[in-house]
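Before any comments, here is the structure.
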Amino acid sequence: MEADSLTTVALDGAQIICKRVGKGRPLLVLNGFAATSADWDPSFIDRLASSNELILLNNRGIGGSTDDGQSFDIEKLAADAAHVIETLGIEHASVMGWSMGGFIAQTFAAKYAARVNKLVLLSTDPGGIEADLASPGCGPDFLTHPARLTSKRGVCCSCFFQTTSLNLFATNSETS
C-alpha cells in the first residue's frame, strides 16, 4: 500500500483537508459529527485501503479544514465533498458515511447520483426534521445486547425495514 497523501482543496473561502490512501476504486469516506479522518479505526481503514483508494475528508472547521465563517448545513458539506472529488479528478466514487457523514453521503447521492457507484451507510439515518424514528419495540435493549438480535431478528429487522418491503425470514413456500 502506498503512503498517505494529504491534499488541501480550496473552495468558497474554506480549505478542505483530505487524505488519500490505498489503491483501487475510489471510496469517499465521510466522518460523523466533529470527527476527523484520524478517528476511524486504523485496522478498518487498512482493510478498506487494501482494495480501494480512500479519500478521507475532514469537514469544514474540523481536523485542519477551515471554514469561511458562514453557517453551513448538510447540503453544503455534500457540495464540498463533490468539489473535492472533482478537484482530485475522480469522476465516479463509492461513498461511505458514518453517523452525520451518512447524512452527507445520502445528500451527496441524491444531488450527485451520476457520480456515485455505491452508497455505504454506517450508524446513520435520513436526518432532518422529517426523519422516521424507530418504533418503540426497537429500543436500546436491542442495540446494547447484540445477542438478543439473533433471537429477535424479525423484530429487529422490522425496526429498519417496512414489513411490506422486506421479508428476510420467509421460506420459499411462503414467498411463492
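What is the order of 95, 84, fewest Cβ neighbours within 10 Å to most? Write down the numbers at each step before the final one.
Numbers: 95 29, 84 19.
In increasing order of surrounding Cβ atoms, one gets 84, 95.
In units of the compact-protein estimate 2.2 N^0.38 Å, segment 15-104 shows a Cα radius of gyration of 1.01. Cβ-to-Cβ counts within 10 Å put 92, 83 in ascending order as 92, 83, the fewest first.
Does segment 73-134 classify as rounded, prolate or oblate by the C-alpha gyration tensor (a ≥ b ≥ c root eigenvalues; a/c under 1.5 gives rounded; else a/b over b/c gives prolate, otherwise oblate)?
Working: a/c = 2.35, a/b = 1.81, b/c = 1.30.
Here segment 73-134 falls in the prolate category.
Please list 54-64, 114-124 highest first by mean number of surrounding beta-carbon atoms within 10 Å per residue.
Numbers: 54-64: 21.6, 114-124: 14.5.
Listed from highest to lowest mean packing, they are 54-64, 114-124.
All of the numbers you see were taken from the coordinates with simple rules; none came from a lab. On a predicted model such as this, the values are computed, not experimentally measured, just so you know. So basically every Cβ, Gly included, is an ideal-geometry build from the backbone, and we count neighbours across all protein chains shown.
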